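Q: Input: one structure, supplied below.
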Amino acid sequence: MILMTVVLIFLFGSSIASFLTLAAERMSAGRSIIRPASCCNHCKRPLSWQQKVPCFSYLLSRGACRFCRVEIPARYFWLELFGGFWALFCLLHWGADLWEALLFFWLGIGALLLSLEDLKDCTVPAAFLALILFITMILSLGRFFILGPLLFLNLFFIFAVWQSRSLGEADFYLLLTWSAVLGARELAKILLIACLCGIIPALRQGKETPLPFIPCLSAGLFYSLVFSSI
Ligand SMILES: [Zn+2]
């Protein structure tokens, strides 16, 4: 029974990670996240349900498409693996309140995916950011701190820029949302850790090259989630 629960929670976490990876890729290209259904990026043949089981399908197919044998990027596997273990961690940590466990799972997995987008070219797809923030808002209903009302302002702005393909100031909107969910003390901690993480890369790069700051913020968020008694 315990083993079955662990497997189910792992599959839940890795499936969400898999979906968000697909959503980030498609939204950055301005494509629909619903159609077409999951398919091979190379031969475009739709995946069977066995090929959609996160992590395990990658291992069974040895990291290649079953039809055309084109290699599947290993990052899909690692993201799904992280999603699975992060879901298990959240359940262990906040299992007394499943809604809270789900909220913190979503904060973590969203931060990771946004970080990867930011690392590509210092922008994130506006629609993808809006998706992450909107679901964060739904999950955090009843948990808003003093900055809560700002969250709605934030979301309003995000939806207003929905039509623009990418957003360079995403870190600001992300911080605003986290502050509404986590409170000012945790926000200060996150900012401090983010600045410490960003100092060395910023000094190396110089003023002209923009610094992807969401990964630094995410490092602060994970520290806060894992080591603080939120
Ligand atoms: Zn293929």
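Q: Say the dipole of the chain comes from +1 at the beta carbon of Lys and Arg and -1 at that of Asp and Glu; which of Ser28, Ala170, Gly183 then lies farthest toward its positive end?
A: Toward the positive end, the furthest listed residue is Ser28.
Q: Excluding Cys216 itself, calculate the net charge of residues whose Cβ lies under 10 Å from the Cβ of Cys216, where each Lys or Arg counts +1 and each Asp or Glu counts -1.
A: -2
Q: In whole Å, how far is the Cα centre of the stretch 6-41 from that of the stretch 46-111?
A: 9
Q: With only alpha-carbon atoms counted, please give the Rg and Dmax of the chain, in Å.
A: Using the Cα atoms of the chain, the pair Rg, Dmax is 18.2, 56 Å.
Q: Only counting other Cβ atoms within 10 Å, I'd like Ser228, Ser218 sorted with the fewest neighbours first.
A: The fewest-first ordering by Cβ neighbours comes to Ser228, Ser218.
Q: How would Glu186, Glu100, Glu169, Glu117 line up from fewest to most surrounding beta-carbon atoms within 10 angstrom?
A: Glu169, Glu100, Glu186, Glu117
Q: Follow-up. State, to one decimal in nm, how far the label point of Cys39 lies from the label point of Ala96, with both points 7 Å from Cα in the Cβ direction.
A: Between Cys39 and Ala96, the simple spin-label model gives 5.0 nm.
Q: Could you list which residues have their amide H under 5 Å from that of Cys39, counting only those 5 or more apart in sequence or on another chain, with H placed in the peptide plane?
A: Under 5 Å from the amide H of Cys39 lie the amide H atoms of Leu47, each far enough along the sequence or on another chain.
Q: Over the alpha-carbon set of the stretch 1-94, work out the extent along each principal axis and list the three values in angstrom, largest first.
A: That works out to 40, 29, 20 Å along the principal axes.
Q: Still on this structure, please answer the following. Using a Gaussian network for the chain with springs between C-alpha atoms less than 10 Å apart, which of these wobbles most: Ser15, Ser38, Ser140?
A: Largest GNM mean-square fluctuation: Ser38.
Q: Can you pull out the trypsin sites (Lys or Arg not before Pro) in the stretch 7-69 that DSSP calls coil and that have at most 10 other Cβ atoms within 10 Å?
A: Sites meeting the loop and neighbour criteria: Lys44, Arg62.
Q: Then there's this: Before rounding to the nearest 500, sum -39500 (n - 2.57) across all DSSP H runs of length at least 4 in the chain and divide by the residue total; then give [θ] at 222 nm in deg cm²/dmol.
A: -22500 deg cm²/dmol
Q: What is the sum of charges around Tyr76, taking Lys and Arg as +1, Asp and Glu as -1, for the other residues whose C-beta is under 13 Å from the C-beta of Tyr76?
A: -1
Q: In addition: Using the count of nearby Cβ atoms within 10 Å as a rough guide to exposure, how do Met137, Met4 rank from fewest to most?
A: Met4, Met137
Laboratory data are not the source of any read-out in this text; all were calculated from the coordinates shown. Predicted model only: the values in this text are computed from it and were never measured. Here the Cβ is made from the backbone with ideal geometry for all residues, glycine too, and neighbour counts use every protein chain on show.
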